[in-house]
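First the structure, in the form of structure tokens, and then the observations on it.
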Amino acid sequence: MLAFVTGAAGFVASHLTDRLLHDGWTVTGIDNLATGDERNLRDAHSTGRFRFVNADAAQPWDGWLDGEPPQLVLHFASPASPLQYERLALETMAANALGTMHAVACAQRTGATLLYASTSETYGDPLEHPQRETYWGHVNPVGMRACYDESKRFGEAYVTTAVRKLGIDGRVVRIFNTYGPRMQAGDGRVIPNFCVGALRGEPLTVYGSGAQTRSFCYVDDLVEGIVRFAQRPGLSGRVINLGNSNEYTIRQLAVVIARLAGTELRVEERPLPADDPVRRRPDIALARELLEWEPSTELEAGLRRTLDYFRSASLSS
């Protein structure tokens with residue numbers, strides 16, 4: 001069984017690659033390393049069932065289709081943090097538009113199941129709380145975040161239209177805030193920022209008052225949901241939220257991380273970025289019903305593992 005994973009050297013996709021290999025799959029990982037880190041694939045390379053292709057998923061895929069056809073195509077290639085997708089705005093749009101079109105063509109040609117990695121950002125700054133899959137969102141189509149938000153929305157539209165028009169088996173997963181080992185320090189996301197700052201004894205940067213909320217899912221829990229969604233029969237055309245439904249303010253998160261890191265909490269407030277969502281929490285009733293899935297890792301347990309990762313990374317750098 002062969003799976004294609006685009007963005008394989010990234011945070012979530014590298015964990016997904018490891019899980020597929022553990023389950024007996026052969027994996028071809030595609031990544032141009034614009035934001036990914038090939039060190040995330042060391043365990044994958046050691047299995048002997050992993051092939052790495054250094055390529056841009058927005059470019060034609062013809063060169064990857066020689067030999068055995070894939071049974072799964074998992075399209076995860078895209079910058080995913082605000083700093084990354086603002087720096088690589090056009091590349092982000094290409095990955096989620098052209099890359100998704102190539103993924104659909106691959107699925108049509110080979111008969112593979114396609115799972116497209118979308119995001120909770122498709123809901124924008126939501127007016128509905130918690131966010132259900134039926135909610136259409138509240139997105140600024142021309143703002144600084146539009147390169148990510150709107151290209152992900154286009155990818156969803158392309159996959160679901162291809163299901164209706166071409167008959168492919170396509171699925172869309174909307175991923176809510178996820179954390180864990182292999183996140184990049186300095187990528188602008190709140191958990192790595194807080195973990196690195198706390199371990200260095202620095203003030204933790206809070207945007208706005210810190211009253212905005214997020215729901216944090218540990219990466220192993222997310223990957224379990226993705227694997228179930230990708231392989232469970234009868235779910236073509238479905239859009240499903242995956243994330244943790246426990247909601248925390250950013251200030252609450254800062255308190256927990258400072259305590260776990262054993263440092264005194266100091267906070268530095270900065271202006272809230274444009275279009276930053278005020279509240280975010282997934283409704284995961286559909287995932288519970290269709291996948292028999294919900295996250296099991298408590299926030300503090302996951303944060304301890306994440307802090308351990310950043311401690312090790314700082315010692316080895």
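Laboratory data are not the source of any read-out in this text; all were calculated from the coordinates shown. What you see is a predicted model, and the numbers here were worked out from it, not measured in a lab. Here Cβ is always computed from backbone atoms with ideal geometry, including for glycine, and neighbour counts include all displayed protein chains.
Laid out as a table, the results:
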| quantity | calculated |
| --- | --- |
| Cubic angstrom per residue, convex hull over Cα atoms of region 148-243 | 118 |
| Cut-off 12 Å, label 7 Å out along Cα→Cβ of Arg266, residues of region 200-233 by amide N | 200-205 |
| Region 77-142: radius of gyration and largest Cα-Cα distance (Dmax), Å | 14.2, 40 |
| 0 to 90° range, to nearest 10: angle between helix 250-261 axis and the chain longest Cα axis | 80 |
| Simple Cβ-charge dipole of region 125-165, Lys/Arg +1 and Asp/Glu -1, about Cα centre, in debye nearest 20 | 220 |
| Gap separating the Cα centres of region 1-32 and region 36-77, nearest whole Å | 7 |
| Over region 75-197, volume per residue of the alpha carbon convex hull, in Å³ | 117 |
| Mean projected area (nm²) of the alpha-carbon convex hull when region 48-117 is viewed from all directions | 5.2 |
| Size of charge dipole - the chain - debye, nearest 20, with Cβ of Lys, Arg +1 and Asp, Glu -1, no other charges | 160 |
| Volume per residue that the Cα convex hull of the chain spans, once the total is divided by residue count, Å³ | 121 |
| Amide H contacts under 5 Å for Thr213, placed H, 5+ residues apart | Arg279, Arg280 |
| Which of Phe216, Gln184, Cys147, positive extreme of dipole for the chain (C-beta unit charges) | Phe216 |
| Shape category assigned to region 1-116 from the gyration tensor of Cα positions, a/c cut at 1.5 | oblate |
| Cα centroid of region 125-146 to Cα centroid of region 266-300, whole Å | 14 |
| Within region 179-317: Cβ-based charge dipole about Cα centre, in debye rounded to nearest 20 (Lys, Arg +1; Asp, Glu -1) | 120 |
| Sequence of Asp23, Asp43 once ranked by neighbouring C-beta atoms within 10 Å, starting from the fewest | Asp23, Asp43 |
| Taking Asp220, Asp66, Asp308, Asp18 and counting other C-beta atoms within 10 Å, the order from fewest to most | Asp66, Asp308, Asp220, Asp18 |
| Residues Phe4, Phe216 arranged by fewest to most Cβ contacts within 10 Å | Phe216, Phe4 |
| Helical contribution to [θ] at 222 nm, DSSP H n ≥ 4, -39,500 (n - 2.57), averaged over the chain, rounded to 500 | -12500 deg cm²/dmol |
| Residues whose placed amide H lies under 5 Å from that of Gly170, excluding near-sequence neighbours | Leu114, Gly237 |
| Along principal axes, Cα extents of region 220-276, largest first, whole Å | 50, 31, 14 |
| Principal-axis tilt of helix 89-110 within the chain, Cα atoms, nearest 10 degrees | 30 |
